[in-house]
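The values are calculated or read from the model by the stated rules, or taken from the named source; none is laboratory data. Note that the structure is predicted; figures quoted are calculated from it, not measured. Quick reminder, even Gly has a Cβ in these numbers, built from the backbone with ideal geometry, and neighbours come from all protein chains shown. All accessible areas refer to the heavy atoms of the entire protein, side chains included, with ligands and DNA or RNA removed. Shrake-Rupley method; radii C 1.70, N 1.55, O 1.52, S 1.80 Å.
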Amino acid sequence: MAIPHNDGGALADEVSDLAQKAGRTVGTAESLTGGHISCLLAAAPSSSAWFRGTIVAYSSAVKHDLLEVPTGPVVSERAARSMAVATAKLLNADTVVAVTGAAGPDGQDGQEPGTVWFGLFDRGSVSALQKSFTGNPTDVVELTAHHALELLVNCLRAG
């Protein structure tokens, strides 16, 4: 899988434009990306008008205790959904993307390195999807952030 070439900023700019036009607030819950998605969003134009913030829940204990992830694996659909819903509530955000996965070099919870679950909360509705990325941990983080921003763009475009 090709690594996106520095277009994270362009995607974040598009999230900014769409969120402002729609009057929506955006938040993130991040695990394997360690705040990378929020850095891109915070640097976008007028981010203070629409970006509510992020919760970096790198530790499984934080996912369980703060983000209401049920006992069990944190690299899972249930975890991604729970992270998105809890973060929307905590940040009072209309739309939240959550990411949890195994960036590598080792797997986690029986999942291969590069396995990532995305949770998307949008005004009361929640969905999740799983992707598998290849590359070293830095590649997986970049690809995850890029896909998370694409999910936000598509969600905001859909209205």
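A few remarks follow.
- For residue 142, the conditions (1) out of contact with any strand residue (DSSP E or B) (no Cβ under 8 Å at 6 or more places or on another chain); (2) closer than 19 Å to residue 51 by Cα are fulfilled apart from (2).
- Restricted to the range 128-159, and to residues there that are without any contact (Cβ under 8 Å) to a residue 40 or more places away in the chain and part of a strand (DSSP E or B), the residue that is nearest to residue 89 (Cα to Cα) is 129.
- In the range 46-82, residue least open to solvent (accessible area, probe 1.4 Å) [restricted to those that are in contact with a Leu (Cβ under 9 Å, 6 or more places away or on another chain), small (Gly, Ala, Ser) and not in a helix (DSSP H, G or I)]: 57
- Taken as a whole, the range 128-148 holds no residue that is over 17 Å from residue 33 (Cβ atoms) and surrounded by fewer than 21 Cβ atoms within 10 Å (Cβ to Cβ).
- Contact annotation: residue pairs with Cβ atoms under 8 Å, 6 or more positions apart or on different chains, pairing a residue in the range 38-63 that is charged (D, E, K, R) with a partner that is surrounded by fewer than 20 Cβ atoms within 10 Å (Cβ to Cβ), are 52/25; 52/91; 52/92.
- Residues satisfying the stated conditions in the range 111-127, i.e. open to solvent by 70 Å² or more (accessible area, probe 1.4 Å) and touching a residue at least 24 places away in the same chain (Cβ under 8 Å): 123
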